[in-house]
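Below you'll find the structure, written out as structure tokens, and then a few comments.
The values are calculated or read from the model by the stated rules, or taken from the named source; none is laboratory data. Only a predicted model underlies this, so the values are computations on that prediction, with no experimental measurement involved. Cβ coordinates were reconstructed from backbone atoms using ideal geometry, including for glycine residues, and neighbour counts include every protein chain displayed. The area values use the complete protein model at the heavy-atom level, side chains included, leaving out ligands, DNA and RNA. Shrake-Rupley method; radii C 1.70, N 1.55, O 1.52, S 1.80 Å.
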Amino acid sequence: EDLLNYSFIQLSKRFEKIEGISYTFPTGQYIEYERNSLHPGVAWRRGNYTFEYGPGSHLDASECPVMCPNASANVSVGYTHQFSVDDKTGKYVELLEKYPWSVLSGNAYQRAVEANGATIWTEPFVMASSTQIGLRAAQALVEDGEVTAVAGADITLDYLSSVLEDFVLAQHGRVYILDRTGRMIASSGGSAQVIGYDRSGHPLMNVDNMQQTPSVERLHWNRTGDPIIEEGTRFLIKEYDLLTRKNTKVVAVDENGENIYSAFEVDSGSNAYGIDWIIVNAQALSTYKAPIEETINKHLQDHEATLDRSVSVSVTMTVAFVAIGTLMMALVAHAVTRPLRAIETDMRAVANFDNPAIDQILGDSTRHNHGTIREVADICDSFKYMAIGLQSFSRYMDPHLAQTLVKTKRRATLGMVKADVTVFFSDIAGFTTMAENLDPEALMGVLAQYLQDMSSIVMKHGGVVGEFIGDEIMAWWNAPPLEFDGEHTVAALSAAWEQQQRLAELREQWCEQGLPAVTTRMGLVRGQVLAGNLGSALRMKYGLVGDNVNLASRLEGLCRLYGVSCLVDDGVRSAPGVAEAFVLRPVDVVAVKGRQEATEIFELVAKIPEDRMAATSSLVFSGDFAAIQERYRGGDFAGALAGLEAFQSRWPGDKPTSILRARCEALLESPPGEGWSPTVQLNEK
């Protein structure tokens, strides 16, 4: 965007005689602004400026969404397009024409790449917009040995000829430029002495190789039809080997003493495709006054030196004008490209919500300090403000979720799909009482540290923190699918177990500060839910809905009834990898409120270490209770009661044991009828 804006400003405001400014990229993308205002007939038809655009190999306008045309502007791959433009902004307005042509096959691009940073000049060609005949100076912009773009500037032969007219010293004199082959480059007599025209007035074209840009056929010096050029060149070739002599500097009077000639060599740029010109100034001695003739006759040597310096300065100024303009374009392109590349790298980090990288970007005040170009500095400032805003926005949702949604590169829309997930709910036991008794600042300190540490553990194990509802945390695994090692239910149980260990450390710290002992309740369920964006078209969020979400919330509440820290359903227990990594105790079979289906629930007892012998106590605890449950559910209430008495003697204070013992005693006292089921119907959440 900025490169186009800058090119248009250069063409329209600063270099008023340059016909066009262009940039060509290795991808085939081509942009050029051409001036029509110098040619009233063309300007009346096409406007003061024309914009040429080639999209390259694919229609990707992501880096130039405003100034570059796209498919909606009837842009096609493999074509070059001409647009009229807004004279004030340079933005394209209307497609004038398009034609199949790739700029990468053109002489200017190929030769500039071959010259590797040296300036090259093309053969004269017909400019597409104004139909003027001109030359192009081009230079490859090279960074780290790679060509990043080719910059070009066009001048017309008419303009170059008008420059030569300023150096004509007599009414019938002529100033002209030849190349080493004897073909004309420019003449103060006009372009008719430089290029050939057919009977219809159209320039003759060289079409020996149609794979390259056709060039205009330039006249040989002896075909110009101008006796001054032909006689002068013939004399200089005969006497001074004009076309083959290097370091040409000649001032001479012809054999008849009627004309005086000066010739000066100019070379610049690439050896193969640069300037290797000879400037010839031919003047008739008969047009000079007698005092001048006497001065020439008396002081010929001094006059030769003076004339030589005059021609040298004139030619140097002409060539310097073109060379400086090309150099300025190269320097400006480099000054614009380097900071924009740095911004591009940082933008990728911001686009991926890479928070550590964003912190580093915002913490380095000199990272994008490119104040020499105001437009680039404005881009840098705008980028920093955008990064701050996006970083702040990302705090409102789980970073894993934000990164995953960004990578889809699609606009968020309402809709949900089925997903196999592990759902997690947790809250602080007795939080309401704690909130009533604690100072608000102390309460917020405890709650902030609790939520920070617990959510960090969830994200560490690949989970998505979906919501904070007061002290309650809702999280889930595998929606959308995230990359982490292992199975998602094992990851969820690992996070729940690590949260309990961390909470034990925090509880000890808080108790030392005189704060209440904080305990938590957790519920985990594995199963299918609907996952996706829900809400309205103006305000939506990513979340889960379904019976299994409600069940996970119910299990978290049941922890209070059974006096345990974490309850899971049978889907979690039977998930791959769980039995090998965790000790789970069967607690009960329940039908939670609002649900008729029975759910077997289990307590998360321990995580099995690599040395399974270290988990012997937990395995015995779980195994003994499972055997008791089996007798109870099989209707052997007496056997179950005996087992419970022995179990309580070893593990007193276990609430699930007390609940089950009370049931066995009640059933022995009042035996159930046929069809008895161990499922407990719960009427409270």
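Structure values in brief
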item	result
Descending principal axes extents, the stretch 63-180, alpha-carbon based, whole Å	57, 37, 27
FRET efficiency for GLU512 and ALA627, using Cβ-Cβ distance with R0 set to 35 Å, rounded to 0.05	0.25
Beta bridges per DSSP with both ends in the stretch 579-685, % antiparallel, nearest 5	80
Spatial separation of Cα centroids for the stretch 437-460 and the stretch 615-685, in angstrom	37
Set LYS13/LYS91; LYS460/LYS607; LYS541/LYS593 screened for pairs whose C-alpha atoms are more than 21 Å apart	LYS541/LYS593
The stretch 629-685: relative contact order in percent, alpha carbon pairs under 8 Å with at least 6 residues between	37
Pairwise FRET efficiency - VAL620 versus VAL545, Cβ, R0 = 51 Å, nearest 0.05	0.80
Square roots of 5 times each gyration tensor eigenvalue, C-alpha, the stretch 492-559, largest first, Å	32, 16, 11
Accessible area expressed per residue, the stretch 547-630, with surrounding protein chains retained (probe 1.4 Å, Å²)	42
Highest average packing first - 549-559, 575-585, 175-185, Cβ atoms within 10 Å	549-559, 175-185, 575-585
Percent RCO, i.e. relative contact order, over the stretch 481-572, from Cα pairs under 8 Å lying at least 6 residues apart	28
Length-normalised contact order of the stretch 60-203 in % [C-alpha pairs under 8 Å, at least 6 apart]	11
Backbone HN-Hα couplings from phi across the stretch 16-28 [Karplus 6.51/-1.76/1.60, Hz, Gly and Pro as x]	6, 10, 5, 7, x, 10, 9, 9, 10, 10, x, 6, x
Relative packing of peptides 17-30, 622-635 - highest average C-beta neighbours within 10 Å first	17-30, 622-635
Estimated vicinal HN-Hα couplings, Hz - the stretch 622-632 in sequence order (Karplus 6.51, -1.76, 1.60; Gly, Pro = x)	6, x, 4, 5, 5, 5, 4, 4, 4, 5, 5
Net charge of Cβ neighbours under 10 Å - reference GLY54; Lys, Arg +1; Asp, Glu -1	-1
Segment ARG411-GLU597, length gained on full extension (0.36 nm per residue, minus Cα span)	63.1 nm
